[in-house]
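Here is the structure we will look at.
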Amino acid sequence: MNPLKNSAKTVDHPFFYKDGLSVLDNPAIRDGKKDNLIEDASNTARPIKNNLNTQGESLIRILEGHTHPITSIDITPDGTKLISDSDDEYIRVWDIDTGEEINRLKHTDYINSVAITPDGTKLVSGSGYEIQIWNIDTGVEINNLEGHTGHINSIVITPDGRKVISGSTDDTIRVWEIHTGRIP
């Protein structure tokens, strides 16, 4: 039970999230200023909006095509491509401006995580017990990294683009060299 949910008052304001979280009961709110703050379980005030659009703007587009839940997304550093992965065993590369699907990459298992290298040329995905590295433009698999004994849940790439870090249900975090697949 969240003791904060019942103890703090909820303010009727379009930028406040009310389900399960309560508005911070502070003097600014009591005085009617209704700052965009909520209180989470750690008693920390943080800003929150009910969507990513500013007030008055509308949704730009919806990208559809996956047939199962989407598990992660990433955007290329230049902001032109969106990558999505799904339990349907596909990675989709989208043109973010048009919403058109550019490429579709097939895995042999559901996919939990994708990441894009800082130069925007490679896509790294975690599926089952494997990490796959792809050319983002051609969809050709460049490398396949194996070693986890549990499903891979998360993937990140170091800022220099030289290492992939993976987290797995085998209770390990592994650091890999992206070009060789070696664990340094």
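Let's see how each residue does on (1) in a strand (DSSP E or B); (2) polar (S, T, N, Q):
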| position | (1), (2) |
| --- | --- |
| 103 | yes, yes |
| 109 | no, no |
| 137 | no, no |
| 143 | yes, yes |
| 149 | no, yes |
| 154 | yes, yes |
| 161 | no, no |
| 164 | yes, no |
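In segment 166-184, how many residues are surrounded by 14 or more Cβ atoms within 10 Å (Cβ to Cβ), assigned to a strand (DSSP E or B) and hydrophobic (A, V, I, L, M, F, W, C)?
The number of residues fulfilling the criteria is 1.
What single numbered condition from (1) surrounded by 15 or more Cβ atoms within 10 Å (Cβ to Cβ); (2) over 23 Å from residue 169 (Cβ atoms); (3) under 16 Å from the mean Cα position of the chain (by Cα) fails to hold for residue 83?
For residue 83, the failing item is (2).
For (1) over 18 Å from residue 127 (Cβ atoms); (2) assigned to a loop (DSSP other than H, G, I, E, B); (3) in contact with a helix residue (DSSP H, G or I) (Cβ under 9 Å, 6 or more places away or on another chain); (4) modelled with pLDDT under 80, each residue gets a yes or a no:
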position: 62; (1), (2), (3), (4): yes, yes, no, yes
position: 68; (1), (2), (3), (4): no, yes, no, no
position: 73; (1), (2), (3), (4): no, no, no, no
position: 77; (1), (2), (3), (4): yes, yes, no, no
position: 85; (1), (2), (3), (4): no, no, no, no
position: 92; (1), (2), (3), (4): no, no, no, no
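Inspect all residues belonging to segment 131-141 and state whether any of them is among the aliphatic types (A, V, I, L, M), surrounded by fewer than 17 Cβ atoms within 10 Å (Cβ to Cβ), out of contact with any Lys or Arg (no Cβ under 6 Å at 6 or more places or on another chain) and at pLDDT 90 or above. Break it down into steps so the answer makes sense when it comes.
Residues of segment 131-141 that are among the aliphatic types (A, V, I, L, M), as a first pass: 131, 133, 136, 140.
Of the ones still in play, those that are also surrounded by fewer than 17 Cβ atoms within 10 Å (Cβ to Cβ) are 140.
Going one step further and asking which of them are out of contact with any Lys or Arg (no Cβ under 6 Å at 6 or more places or on another chain), we end up with 140.
Next cut, at pLDDT 90 or above only: 140.
Within segment 131-141 (the criterion being among the aliphatic types (A, V, I, L, M), surrounded by fewer than 17 Cβ atoms within 10 Å (Cβ to Cβ), out of contact with any Lys or Arg (no Cβ under 6 Å at 6 or more places or on another chain) and at pLDDT 90 or above), the answer is yes, since at least one residue qualifies.
The values are calculated or read from the model by the stated rules, or taken from the named source; none is laboratory data. Note that the structure is a prediction, hence the values are computed from the model and not measured. Every residue, glycine among them, receives a Cβ derived from its backbone with ideal geometry; neighbour counts consider all protein chains shown.
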